[in-house]
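For reference, the structure discussed in these notes is given below.
The values are calculated or read from the model by the stated rules, or taken from the named source; none is laboratory data. These numbers were taken from a predicted model, which means no experiment stands behind them. Backbone-built Cβ (ideal geometry, glycine too); neighbour counts: all protein chains shown. In case anyone asks, the SASA skips ligands and DNA or RNA and just uses the protein heavy atoms, side chains included. Shrake-Rupley method; radii C 1.70, N 1.55, O 1.52, S 1.80 Å.
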Amino acid sequence: SIPSGFFTHEPTRRRSRLVCGHKVSWGSKTNVQQTRRRPRRPLLNASKMLKHLVLALAIGATAGFDDPVFGEVATTVSKEWVSITSSTDGVKIAAVVHYGNVWVSTNSGSNFHEVKTTPPKRWTAIVSSWDGVRLAATTRDRLWRSTDSGMNWYEVEDWAGILRDDGYFTGITASYDLNTLAACVKNGKLWRSAGTFGKQWEEVHGVGMDWRAIASSSDGTRMTAVVYGGHVYSNSNSGEGVWRIAADTPMQNWVAITMSATGQDVFAAAYEGNIWRSYDYGESFREVPYQTAQFNPAKWASLASSADGYTLLAAEVRGHIWYSQDAGMNWRKVQVLGDATQDWKSLTASADGSRFGAVVEGGSTWMSPMTVPVYDLMKTQAKRATTALNQLVKLAVDNQCADAEIPLTDIVLLMAQINTASAVFAQIAANPASQCKG
């Protein structure tokens, strides 16, 4: 945010200043520097910029106080991450790598431990119980369970499914205790396990459909799934019985779905399309409003929601992560410490919407709040802020001496860097104990 009056043009007010060692008057029609009338468009008033710089920093810190700031987990770089999940408090986290292993964290992503499976498996999705003790996951053609926070895995043997050559599991969801589970298959069907923690499974719907994602309410009764090149489907009986096409959902390339704990608020996203919301347990949908052309349509990859459905994250393929605190009415880009444009693959959120995780295909895991050591974090941000501030001052002095205009885009870009740094400092100041180690 930039203070009102930051960019000004004052052609008639008479003031004297020392500029480059010479006393000049602005606003005088007889002054030699005012023989040519300046065009009426936004200019940078250098003195006001310096006067309001501290105010701008304060505004940046305040504006970003509640926004998540994602930091990269250095020990998880350069892997083909495909899915991430967490306990309801966001403390226990598990993520899977395509043709690799399962990685688990017990400290909100500060560090991860690799659980090696022999041989490495083609993992596709993972889901956690409320306490992070039970986990269920899918590989391309198998279902797996863990009862010890992902340290050991057991293949589901009582599963009579036969997948087509071009079919594979693409998503999995569960009730809060994982007693009820459901999974979807690309070019296949929907499957469910009721009351057995995934020991027995049965087919429920959708022969040969390109299912891409599935979501469940916390009690496992309400479920919603999406079809690429098809529609959004909902069910109110733990996956059993009829799956209805949600009203007002056009045929699109649906790829992501998430819902509140009760299942009343449901959000769905389409690749190269929009984000849609349901207020009635997935029975009908409407497009969420947006304010910028960069938000919709987009190549959406994943969605995540808090338990109440008010805090949302939406990730793009080779794009940004977007954040909403009002159930999708307003959105803004998430701050990322590093390259914000990534090939985001999967998102997760704690129940209260205070902790988030993300994985990048061919990249790393990213966590918010930041989990990198506070000293390194502040050193990096201080260097960025100092560099941006020096550039601002240099622009002000150089262009004032030359009596030239400074493009607004240059100033906005530099102020954005300073505001990002101030937001990081604000988050650390809000909870320093969680960031410091030792």
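Observations, loosely collected:
- Any hit, region 177-189, residues being over 17 Å from SER234 (Cα atoms) and of a type in the set (Val, Ile, Thr): no
- Of all residues making up region 150-170, the number that are of a type in the set (S, T, N, Q) and either part of a loop (DSSP other than H, G, I, E, B) or open to solvent by 40 Å² or more (accessible area, probe 1.4 Å) (or both): 1
- PHE70 being modelled with pLDDT of 75 or more, within 18 Å of the chain's Cα centre (by Cα) and of a type in the set (Phe, Trp, Tyr): yes
- Residues in region 176-199 that are in contact (Cβ under 8 Å) with a residue 60 or more places away in the chain and open to solvent by 50 Å² or more (accessible area, probe 1.4 Å): TYR176 alone.
- Criterion violated by GLU272 - all others in (1) modelled with pLDDT of 95 or more; (2) not in a loop (DSSP other than H, G, I, E, B) satisfied: (1)
So that you can scan it fast, the table gives a plain yes or no per residue for (1) more than 21 Å from SER83 (Cα to Cα); (2) aliphatic (A, V, I, L, M); (3) in a loop (DSSP other than H, G, I, E, B):
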position: THR258; (1), (2), (3): no, no, no
position: ALA261; (1), (2), (3): no, yes, yes
position: PHE267; (1), (2), (3): no, no, no
position: PRO289; (1), (2), (3): yes, no, yes
position: PHE295; (1), (2), (3): yes, no, yes
position: LYS299; (1), (2), (3): no, no, no
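Matching residues to (1) among the hydrophobic types (A, V, I, L, M, F, W, C); (2) open to solvent by 20 Å² or more (accessible area, probe 1.4 Å); (3) at pLDDT below 95; (4) more than 23 Å from LEU163 (Cβ to Cβ):
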| position | (1), (2), (3), (4) |
| --- | --- |
| TRP201 | yes, yes, yes, no |
| GLY206 | no, no, yes, no |
| ILE214 | yes, no, no, no |
| MET223 | yes, no, no, no |
| ALA247 | yes, yes, yes, yes |
| PRO250 | no, yes, yes, yes |
| ALA256 | yes, no, no, no |
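- In region 230-246, the residues that are without any contact (Cβ under 8 Å) to a residue 40 or more places away in the chain and of a type in the set (Val, Ile, Thr) form Cβ pairs under 8 Å with partners that are part of a loop (DSSP other than H, G, I, E, B) and open to solvent by 30 Å² or more (accessible area, probe 1.4 Å), at six or more places apart or across chains, as follows: ILE245/HIS231.
- The residue of region 285-308 that is nearest to SER236 (Cα to Cα), among those that are open to solvent by less than 40 Å² (accessible area, probe 1.4 Å) and at pLDDT below 95, is VAL288.
This table checks each residue for (1) on the phi > 0 side of the Ramachandran plot; (2) under 23 Å from the mean Cα position of the chain (by Cα); (3) of a type outside the set (D, E, K, R).
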position	(1), (2), (3)
SER193	no, no, yes
LYS199	no, no, no
GLU202	no, no, no
TRP211	no, yes, yes
ALA215	no, yes, yes
THR221	no, no, yes
VAL226	no, yes, yes
HIS231	no, no, yes
SER236	no, no, yes
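- Filter result for ALA269 (buried (at least 23 other Cβ atoms within 10 Å of the Cβ), under 14 Å from the mean Cα position of the chain (by Cα), among the aliphatic types (A, V, I, L, M) and under 17 Å from CYS184 (Cβ atoms)): yes
- Set THR147, THR139, THR118, THR173: member being open to solvent by 30 Å² or more (accessible area, probe 1.4 Å), of a type in the set (S, T, N, Q) and at pLDDT 90 or above: THR147
- Any chance LYS79 is more than 16 Å from VAL336 (Cα to Cα), crowded, with 18+ Cβ neighbours inside 10 Å and among the charged types (D, E, K, R): yes
- The residue of region 104-127 that is nearest to the chain's Cα centre (by Cα), among those that are in a loop (DSSP other than H, G, I, E, B) and charged (D, E, K, R), is ARG122.
- Pairs with Cβ under 7 Å, 6+ apart, first in region 74-88 and within 15 Å of ASN107 (Cβ to Cβ) and part of a loop (DSSP other than H, G, I, E, B), second of a type outside the set (A, V, I, L, M, F, W, C) and open to solvent by less than 30 Å² (accessible area, probe 1.4 Å): SER87/SER128; SER87/GLY132
- Residue satisfying all of: in region 237-262; polar (S, T, N, Q) and out of contact with any strand residue (DSSP E or B) (no Cβ under 8 Å at 6 or more places or on another chain); farthest from GLY328 (Cα to Cα) among these: ASN237
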